[in-house]
1. Do the conditions hold for S38, that is, is it out of contact with any strand residue (DSSP E or B) (no Cβ under 7 Å at 6 or more places or on another chain), surrounded by fewer than 19 Cβ atoms within 10 Å (Cβ to Cβ) and farther than 15 Å from I119 by Cα?
2. Suppose we filter the stretch 1-27 for residues that are in contact (Cβ under 8 Å) with a residue 24 or more places away in the chain and in a helix (DSSP H, G or I); how many remain?
3. Name the pairs: first residue in the stretch 28-57 and within 17 Å of A17 (Cα to Cα) and at pLDDT 95 or above, second residue aromatic (F, W, Y) and in a loop (DSSP other than H, G, I, E, B), Cβ to Cβ under 7 Å, at least 6 apart or on different chains?
Amino acid sequence: MDSEELLNVLCTLEPEAQPSTKPSDMPTIEVSPNHLLSLMRQARNNKRLAFDMLILHTAVDWIKQDVFELIYQLFSTRYHHKLRVLVIVPRDNPVVPTVSLLWQTAEWQEREAYDMFGILYDNHPDLRRLLLEDEWQGFPLRKDYQDDFMLVPPAHGGD
């Protein structure tokens, strides 16, 4: 199945999803948080797609747009095709459903995104900090994160 057919199948199964217009090295689809779980369930369970692996989940802080972009990369071991799923959430309410019910590896990847960005995952079985201490204040990968011990680059740009 080529990229265009793959995206067409997904958009037929989940009409709220749209092929991304962003340049990409793999088929990329965008979906709202409300339709993420439905799309992911279709991607995993549909026999023509069979995305049985969640390879990666992370986030990007687009502070000027006041949103986070959540990125999921899936792989089908049966068909050897890849898919990137993008979800935009507001910075002031970054909540999406967990996909750990579909791919167990998401448990740790979602915990890392929570720890670093403050993304919240509805129905996550164990949403707590993964890398930082429980008492840590803030989320270090947010672009507006400030800390007393952060290094400030030299004014000349450093060499």
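The values are calculated or read from the model by the stated rules, or taken from the named source; none is laboratory data. Since we're looking at a predicted model, the values are computed, not measured. Every residue, glycine as well, gets a Cβ built from its backbone with ideal geometry; the counts of neighbours run over all protein chains shown.
1. Values: out of contact with any strand residue (DSSP E or B) (no Cβ under 7 Å at 6 or more places or on another chain): yes; surrounded by fewer than 19 Cβ atoms within 10 Å (Cβ to Cβ): yes; farther than 15 Å from I119 by Cα: yes.
Answer is yes for this residue.
2. Here the count works out to 5.
3. Going by the 7 Å Cβ cut-off, the qualifying pairs are A43/F51; R44/F51.
Matching residues to (1) closer than 26 Å to L7 by Cα; (2) at pLDDT 95 or above; (3) touching a Cys at 6+ places or on another chain (Cβ under 9 Å); (4) surrounded by fewer than 19 Cβ atoms within 10 Å (Cβ to Cβ):
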{"residue": "I71", "(1), (2), (3), (4)": "yes, yes, no, yes"}
{"residue": "H80", "(1), (2), (3), (4)": "yes, yes, no, yes"}
{"residue": "Q104", "(1), (2), (3), (4)": "yes, yes, no, yes"}
{"residue": "M116", "(1), (2), (3), (4)": "no, yes, no, no"}
{"residue": "I119", "(1), (2), (3), (4)": "no, yes, no, no"}
{"residue": "D147", "(1), (2), (3), (4)": "no, no, no, yes"}
